[in-house]
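Chemist: Quick one: structure below, then a few questions.
The values are calculated or read from the model by the stated rules, or taken from the named source; none is laboratory data. Computed from a predicted model, the values in this text were never measured in an experiment. We place every Cβ from the backbone using ideal geometry, glycine too, and count neighbours over all the protein chains shown. These accessible areas exclude ligands, DNA and RNA; they are computed on the full protein's heavy atoms, side chains included. Shrake-Rupley method; radii C 1.70, N 1.55, O 1.52, S 1.80 Å.
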Amino acid sequence: MSLSPQFLDELRARVTLSTLIGRSVKLVKAGREFKACCPFHNEKSPSFYVNDDKGFYHCFGCGAHGDAIRFLTEAKGLTFIDAVKELAQGAGMEVPAPDPRAAQRNEMQAGLHDVMAAAASWFQEQLGGIAGAEARAYLQRRGIDERLVKKFGIGFAPDSRGKLRTALKSFGDAKLIETGLLIQVEDKEPYDRFRGRVMIPIQDQRGRVIAFGGRILDKGEPKYLNSPDTPLFDKGRTLFNIERASAASRKANRVIAVEGYMDVIALAKAGIDEAVAANGTALTEAQLERMWRMSEIPLLCFDGDKAGQKAAVRAAQRALPMIAPGRTLRFALLPGGQDPDDLVKSGGVRAVEQVLGEAISLDELLWRAEYEAQPLSTPEARAGLRKRLGDLAGSIQDRDVRELYQAEFRRRFDELFGSAQRRPFERSFQPRQQRRPGQPWKPEPLPPSRAAHAVNRSGVNPMVTRAVMAGLLRFPALFSSHMEAIGQLQLGDERLDRLRAEAFEAGFSGVPLEKESLETILAEAGLGAVVEELKATNALAFSFLRGNADPDRAMRDLSAAIEAMAARPLLDAALREATERLGMAADDAGLEEQRRLLAAREAADRALTDLALGEDGGGA
């Protein structure tokens, strides 16, 4: 359905966002806004804000952001058009009729849903009849009782090539073929796809049957037979049990991915309803994205055999490019040869929770997999390990997470094999604008100026912090492009913290920030005096404080200063940990790590010092 921007704008204008969100989230008035603990991630202090005037919500913790339509699609799992219809009904508006072609498509799809619903009912009838006796016995052996059969809509497909076709003949062969229930072979009569199998319906987010998974009763191949991709079913984007797990995950603050349908049902038997599974394939990027919408850190719980371990590693490698701050995976490793069903039978929910509680991190899983991939008795093998780790870390798109993974893999490698030479994926902090073509950046000797000496003595001192914030007032576009790094800066001044928060909020409107408009917004927020103080900042000769500086150069320098300031606390923390480890057990590798971190911290400090000197290296 195609909806005009005018209709959507009017719909948003008629909806009071705080009222909509307040139905499911406890909101507290905070000035012109409302605040709450974020419904999209688990937190103890409120970082989720709702602004009725601007018509959007934003979480400063997880980054969730959107309007009324987005809230319904993200929080309730509705499709876009269903969210629009729900809002329109409450606002007293009529949704425009779709064009004829769209209406035809919707009618066709609705008809296919009817076919799938009828097939699910027929399979359930067969399970309860005479022909379903063997299937009922199989389910009983698997510990699947009547409650679970009803909950998951389990049925049975008799071992016949035409019984389903006959039962649903009123829909016509074309629709049965289009939904994947019949197989069409050239010059032959269509025949039933599923025969002699326990049938498990696959539902969409709204609980409508869109496909089936069939499990064979006896030994044979394939053990599982799934519906093909159809107009209703996209195998790589659908998660089994998504309709139940969505609500359960919000209560449990987690989502668990397992390998198959029976694993999901086994966990449900133990009272764990927040489990999902792929549909006979490895987890895809689209399925990972759906899980991240349900939980920041999904738990992947795969079988303890070699196939399960390989599946876990494949999922880890596929997820790696997409991870970001607060967005990763954990892996629960089942005892060798067991699956969730075995665990539930042997120890119940307590045994499952124990395994889930011992889940390991993504970096730990990857390290173990690469470390155990082959013997490491030769320098060539160890070099291969180092390269594989470097390649894995290098695939991460988020720069901050990528650099921390590089450091973590390097630390683990050095602990085992020493650190006599620098690693290919190791680099100290180096601002990009200091590097000339073909030449690595090298810090200049410390300058004699008092201000620059102060930078080097104390790391990131208040003068530098104020200078950077003053630079951001001159180049406010960097608030959006460097949001994560700016958000991590330790400003040490409550007024600057407020200024940063107001600038971020202004940037969420979707309109590019301009210097004058930002200053107006900050003045209206009662921060005019702070703005004037920052505009008068000139103790250091940063290019981004000088009116005659080249704007491109000034923005590059400001970006580098932000990066250096954001890196400093991370280096301090790593240095403290390295020093503590040395206090417990001193060794050459530990001393080398400490020296490396000291050098990296000094490089970050000197980067700020060089920038503070200005373009000509001697102040301005």
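Chemist: Charges at C-beta only: +1 for Lys and Arg, -1 for Asp and Glu. How large is the resulting dipole of the chain about its Cα centre, in Debye rounded to 20?
Modeler: On the way: 87 positive and 87 negative charges, 164 e Å.
It works out to roughly 780 debye.
Chemist: Continuing with this model, one more query. Would you kindly derive the ³J(HN,Hα) couplings of the stretch 229-242 from the backbone phi angles with the Karplus curve 6.51 cos²θ - 1.76 cosθ + 1.60 (θ = phi - 60°), listing them in order in whole Hz, with x for Gly and Pro?
Modeler: 4, 9, x, 9, 10, 10, 4, x, 10, 9, 10, 5, 6, 4
Chemist: Another one. Which of the aspartates and glutamates could a cross-linker span from residue 35 if the Cα-Cα distance has to be under 20 Å and same-chain partners fewer than 8 positions apart are dropped?
Modeler: 43, 52, 53, 67, 74, 494, 497, 502, 505
Chemist: With the dipole of the chain worked out from charges on the C-beta (+1 for Lys and Arg, -1 for Asp and Glu) around the Cα centre, which of 56, 257, 465 lies farthest toward the positive end?
Modeler: Final value for the positive-end residue is 257.
Chemist: Now, a different point. Looking at the calculated P(r) for the stretch 147-197, what percent of the C-alpha pair distances fall above 13 Å?
Modeler: 60
Chemist: Please give the helix 306-319 orientation as an angle from the longest Cα principal axis of the chain, in degrees from 0 to 90, rounded to the nearest 10.
Modeler: The angle comes out at about 50 degrees.
Chemist: Okay, moving on. Could I get the Rg over Rh figure for the stretch 152-244? Both from C-alpha atoms, Rh via Kirkwood, rounded to two places. Display every interim value, and only then the final one.
Modeler: Numbers: Rg = 13.3 Å, Rh = 13.8 Å.
Looking at the stretch 152-244, the ratio lands at 0.96.
Chemist: Another question, if that's okay. Hey, any idea what the orientation-averaged projected area of the convex hull of the stretch 99-225's Cα atoms comes to, in nm²?
Modeler: Values: hull surface 36.5 nm².
Hull-based average projected area comes out at 9.1 nm².
Chemist: Continuing with this model, one more query. Run the 1.4 Å probe and let me know the accessible area of residue 595, rounded to the nearest 10 Å².
Modeler: So the heavy atoms of residue 595 present about 130 Å² to solvent.
Chemist: On average, how much accessible surface per residue is there in the stretch 266-363, in Å², for a 1.4 Å probe, leaving out ligands, DNA and RNA? Working shown, then result.
Modeler: On the way: 3920 Å² over 98 residues.
Ligands and nucleic acids excluded, the figure is 40 Å² per residue.
Chemist: Place +1 on the Cβ of every Lys and Arg and -1 on the Cβ of every Asp and Glu in the chain, take the dipole about the Cα centre, and give the residue among 191, 328, 507 whose Cα lies farthest towards its positive end.
Modeler: 191
Chemist: If you don't mind, there's one more thing I want to ask. Contour minus end-to-end for residue 417 and residue 345, with contour as 0.36 nm per residue of separation and end-to-end as the Cα-Cα distance? Please list the in-between numbers first.
Modeler: On the way: separation 72, 0.36 × 72 = 25.92 nm, distance 4.31 nm.
Here the answer is 21.6 nm.
Chemist: If you check each cysteine of the chain for another cysteine whose beta-carbon is under 4.7 Å away, which ones come up empty?
Modeler: 37, 62, 301
Chemist: Still on this structure, please answer the following. Could you give the length gained on full extension between residue 218 and residue 159, defined as 0.36 nm per residue of separation minus the Cα-Cα distance, in nm? Mind showing how you got there, number by number?
Modeler: Values: separation 59, 0.36 × 59 = 21.24 nm, distance 1.21 nm.
Length gained between residue 218 and residue 159: 20.0 nm.
Chemist: Taking 2.2 N^0.38 Å as the expected size of a compact globular protein, what ratio does the Cα radius of gyration of the chain give against it, to two decimals? Don't skip to the answer; put the middle values down first.
Modeler: Details: Rg = 29.6 Å, N = 620, 2.2 N^0.38 = 25.3 Å.
This ratio for the chain stands at 1.17.
Chemist: Measuring from label point to label point, each 7 Å out along Cα→Cβ, what is the residue 546 to residue 372 span in nm?
Modeler: Calculated label separation equals 5.8 nm.
Chemist: At what distance in nm do the modelled label points of residue 130 and residue 183 sit from each other, each positioned 7 Å from its Cα along Cα→Cβ?
Modeler: 2.8
Chemist: At 222 nm, what value in deg cm²/dmol follows for the chain if DSSP H runs of at least 4 each add -39500 (n - 2.57) and the sum is divided by all its residues, to the nearest 500?
Modeler: Numbers: 26 runs with 323 residues, N = 620.
-16500 deg cm²/dmol, from helical runs alone.
Chemist: Efficiency by 1/(1 + (r/R0)^6): what FRET value for residue 53 and residue 81, r their Cβ-Cβ distance, R0 = 30 Å, to the nearest 0.05? Intermediate values should be presented prior to the final figure.
Modeler: On the way: r = 27 Å, r/R0 = 0.90.
For R0 = 30 Å, the calculated efficiency reads 0.65.
Chemist: Ratio of the stretch 34-95's C-alpha Rg to 2.2 N^0.38 Å, to two decimals?
Modeler: Working: Rg = 12.7 Å, N = 62, 2.2 N^0.38 = 10.6 Å.
Rg over 2.2 N^0.38 Å, computed on Cα atoms: 1.20.
Chemist: Could you give the nm distance between label points at residue 23 and residue 286, where each point is 7 Å from its Cα heading toward the beta carbon?
Modeler: Result for the modelled spin labels: 2.9 nm.
Chemist: Quick check on packing: order 63-70, 198-205 by the mean number of other C-beta atoms within 10 Å, highest mean leading.
Modeler: Working: 63-70: 18.0, 198-205: 22.6.
Packing proxy ranking, top to bottom: 198-205, 63-70.
Chemist: Along the charge dipole of the chain, Cβ charges K/R +1 and D/E -1, which of 220, 170, 395 sits furthest on the positive end?
Modeler: Of the candidates, 220 comes out farthest on the positive side.
Chemist: Quick check: residue separation of residue 524 and residue 206 times 0.36 nm, minus the Cα distance between them. What number comes out in nm? Please report the intermediate quantities before stating the final value.
Modeler: Values: separation 318, 0.36 × 318 = 114.48 nm, distance 4.46 nm.
Length difference between fully extended and current span is 110.0 nm.
Chemist: Viscosity 1.002 mPa s, temperature 20 °C: Stokes-Einstein D of the stretch 248-333 from its Kirkwood Cα radius, in µm² per second?
Modeler: Details: Rh = 12.9 Å.
Here the translational diffusion coefficient equals 166 µm²/s.
Chemist: For the chain, which whole percent of the accessible surface, found with a 1.4 angstrom probe, sits on carbon and sulfur atoms? Before the final figure, lay out each step's value.
Modeler: Numbers: 15150 of 30600 Å².
Roughly 50 percent, rounded to a whole number.
Chemist: Once you have the alpha carbon radius of gyration of the stretch 478-577, what is it after dividing by 2.2 N^0.38 Å, with N set to its residue count?
Modeler: Values: Rg = 14.6 Å, N = 100, 2.2 N^0.38 = 12.7 Å.
Scaled against compact globular proteins, the figure is 1.15.
Chemist: Compute the Rg/Rh shape ratio of the stretch 223-269: radius of gyration over Kirkwood radius, all on alpha-carbon atoms. Walk me through the intermediate numbers first.
Modeler: Values: Rg = 12.2 Å, Rh = 12.2 Å.
Ratio of gyration radius to Kirkwood radius for the stretch 223-269: 1.00.
Chemist: For the stretch 598-611, in order, what is each residue's ³J(HN,Hα) by Karplus, 6.51 cos²θ - 1.76 cosθ + 1.60 with θ = phi - 60°, in whole Hz (x at glycine and Pro)?
Modeler: 4, 5, 5, 5, 5, 5, 5, 4, 5, 4, 5, 4, 4, 5
Chemist: Two decimals is fine: what is log10 I(q)/I(0) at q = 0.11, 0.16, 0.19 Å⁻¹ for the stretch 31-183, from a Debye sum with one equal scatterer on every Cα and no solvent?
Modeler: -0.76, -0.95, -1.09
Chemist: On to the next question. Just need log10 I(q)/I(0) for the stretch 286-333 at q = 0.14, 0.15, 0.17 Å⁻¹, Debye formula, equal scatterers on the alpha-carbon atoms, no solvent, rounded to two decimals.
Modeler: Values, matching the q order: -0.32, -0.37, -0.47.
Chemist: log₁₀ I(q)/I(0) of the stretch 116-190 at q = 0.17, 0.19, 0.22, 0.27 Å⁻¹, via Debye over equal Cα point scatterers, no solvent, to two decimals?
Modeler: Cα-only, vacuum Debye calculation for the stretch 116-190: -0.69, -0.81, -0.98, -1.24.
Chemist: Here is a further query. Which pairs, out of 85/150; 29/76; 150/188; 223/251; 223/269, put more than 28 Å between their alpha-carbon atoms? Working shown, then result.
Modeler: Working: 85/150 31 Å; 29/76 23 Å; 150/188 36 Å; 223/251 34 Å; 223/269 22 Å.
Pairs exceeding the cut-off: 85/150; 150/188; 223/251.
Chemist: Express in Å², to the nearest 10, the accessible area of residue 246 obtained by rolling a 1.4 Å probe over the protein heavy atoms while all chains stay in place.
Modeler: 10
Chemist: Taking a quarter of the surface of the Cα convex hull of the stretch 340-389, what do you get in nm²? Write out the running numbers ahead of the final one.
Modeler: Details: hull surface 18.5 nm².
Spelled out: convex hull of the Cα atoms, projected over all directions, averaged, 4.6 nm².
Chemist: Still on this structure, I have one more. For the peptides 156-162, 238-244, what is the packing order when you average, over each peptide's residues, the other Cβ atoms within 10 Å and list the highest mean first? Mind showing how you got there, number by number?
Modeler: Numbers: 156-162: 19.0, 238-244: 22.7.
Result, highest mean first: 238-244, 156-162.
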